[in-house]
Amino acid sequence: MGSAMSMHHRLSLLISAASIFGALASILAILPLSIPYPPIPYLKFDLAEIPVMTALLCFGPISGMGSALIYWGILLWRGEFSPIGPSMKFLAVFSMLMGLWIGAKIFRGSRFRLHLSFLLGAFLRILSMSAMNYLIAYLLLPGFMKSAARTISLVLGINVSGELSCLIIVLIFTAIFNLIHSILSIVPSVVIVRYISSKKLTPYLKRTWYRIVFEEG
C-alpha cells in the first residue's frame, strides 16, 4: 500500500513538474526575448528551451518529454507560423532530449558520459533539423531556402547560386545554429540543476536525475 502511494506521489510530482516547466518555456517563447541568427534571421535563439532541459535534468525523461509536449501544444496555439514553426521547434527540442537520455544510457561507465551525451543530443538535433529543412525549405517551401541563401550571401559577402549550392550552404548554417542553440540550452540548465541540487531545497531535488545519472552513476 505504502509503495503504491509512493509511486502515485512520484508520478504526480513528475506530471506537475512537466506542467510547470512546460508552461514556463511557453511564456519565455511568447515573450519578445529571442535574438535572430544573423545568417538566417527566421531562426532565433531564445531562452525557452532552458526550462524543458532543466525539467529533464531535475526530474528525468518523463518530466522532460512532458514539458516539451506542453511547450509544443501551447506554441501550436500561440506560436508563429503554426503548425510548421512550433512543430520544428518541438522536434529540435525533443531530438536533443532524446539524444541526451540515450547517451546517458549507452555511455554509462565513461568518465566523459555527460560530454558524450551532450554531443549525441546536439547531433540528433542537427540531423533531425537538417532532414526537416530539406523537406520543408527545399521541397515544400523553396522560397525560405532562397531567402536564407540570399541573406547568407549578404552576411558572408559571397555569391551563392544554384539550387544545390543554396541547399548545402543553408544546411551548413542551420547545423551551426542548432549546435550553438544546443550549447545555449544545455550548459545553463546544467548550471541551474547543479545549483539547485547543492542547496538541497527538498528531498526530491537533493538527488536530481542529473546527479544520479551523471555524478553518481
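Can you confirm whether segment 29-37 contains a residue that is crowded, with 23+ Cβ neighbours inside 10 Å and either of a type in the set (Gly, Ala, Ser) or modelled with pLDDT of 90 or more (or both)? Step through it out loud before you land on a result.
As a first pass, look at segment 29-37 and keep what is crowded, with 23+ Cβ neighbours inside 10 Å: 29.
Next cut, either of a type in the set (Gly, Ala, Ser) or modelled with pLDDT of 90 or more (or both) only: 29.
Yes.
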Original post:
Can you tell which of Ser165, Ser110 is farther than 26 Å from Ser34 by Cα, over 16 Å from the mean Cα position of the chain (by Cα) and not in a helix (DSSP H, G or I)?
Top reply: Ser110
Original post:
Which of the residues belonging to segment 152-167 are surrounded by 13 or more Cβ atoms within 10 Å (Cβ to Cβ) and aliphatic (A, V, I, L, M)?
Top reply: Ile152, Val155, Val160, Leu167
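From the list Ala137, Ala149, pick out the single residue that is without any contact (Cβ under 8 Å) to a residue 40 or more places away in the chain, small (Gly, Ala, Ser), in contact with a Cys (Cβ under 8 Å, 6 or more places away or on another chain) and crowded, with 19+ Cβ neighbours inside 10 Å.
Working: Ala137 fails: in contact with a Cys (Cβ under 8 Å, 6 or more places away or on another chain).
Just one listed residue meets the conditions, Ala149.
Quick check on Ile74: is it without any contact (Cβ under 8 Å) to a residue 24 or more places away in the chain, more than 20 Å from Leu171 (Cβ to Cβ) and out of contact with any His (no Cβ under 7 Å at 6 or more places or on another chain)?
Working: without any contact (Cβ under 8 Å) to a residue 24 or more places away in the chain: no; more than 20 Å from Leu171 (Cβ to Cβ): yes; out of contact with any His (no Cβ under 7 Å at 6 or more places or on another chain): yes.
The answer is no for Ile74.
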Subject >> Only one of Leu57, Leu97, Leu91 that is in contact (Cβ under 8 Å) with a residue 60 or more places away in the chain and under 17 Å from Arg125 (Cβ atoms) >> reply: Leu57
Original post:
Which residue pairs have Cβ atoms closer than 9 Å, lie 6 or more positions apart in sequence or on different chains, and pair a first residue in segment 184-206 that is within 17 Å of Gly121 (Cβ to Cβ) with a second residue that is exposed (fewer than 15 other Cβ atoms within 10 Å of the Cβ) and at pLDDT below 90?
Top reply: none
Subject >> Options Leu120, Leu127; residue that is within 24 Å of Ala55 (Cα to Cα), surrounded by 15 or more Cβ atoms within 10 Å (Cβ to Cβ), within 16 Å of the chain's Cα centre (by Cα) and modelled with pLDDT of 90 or more >> reply: Leu120
**OP:** Please state which one of Lys105, Lys44 is closer than 26 Å to Lys206 by Cβ and either exposed (fewer than 15 other Cβ atoms within 10 Å of the Cβ) or out of contact with any Gly (no Cβ under 6 Å at 6 or more places or on another chain) (or both).
**Re:** Lys105
Subject >> Selected residue (only one of Ile180, Ile192 is in contact with a strand residue (DSSP E or B) (Cβ under 8 Å, 6 or more places away or on another chain), part of a helix (DSSP H, G or I) and surrounded by fewer than 19 Cβ atoms within 10 Å (Cβ to Cβ)) >> reply: Ile180
Original post:
Which members of segment 47-63 meet the condition of being under 23 Å from Ala175 (Cβ atoms) and either surrounded by 19 or more Cβ atoms within 10 Å (Cβ to Cβ) or in contact with a strand residue (DSSP E or B) (Cβ under 6 Å, 6 or more places away or on another chain) (or both)?
Top reply: Ala48, Glu49, Ile50, Val52, Met53, Leu56
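The values are calculated or read from the model by the stated rules, or taken from the named source; none is laboratory data. The structure displayed is predicted, hence computed values, not measured ones. Cβ: placed from backbone, ideal geometry, glycine included. Neighbour counts: every protein chain shown.
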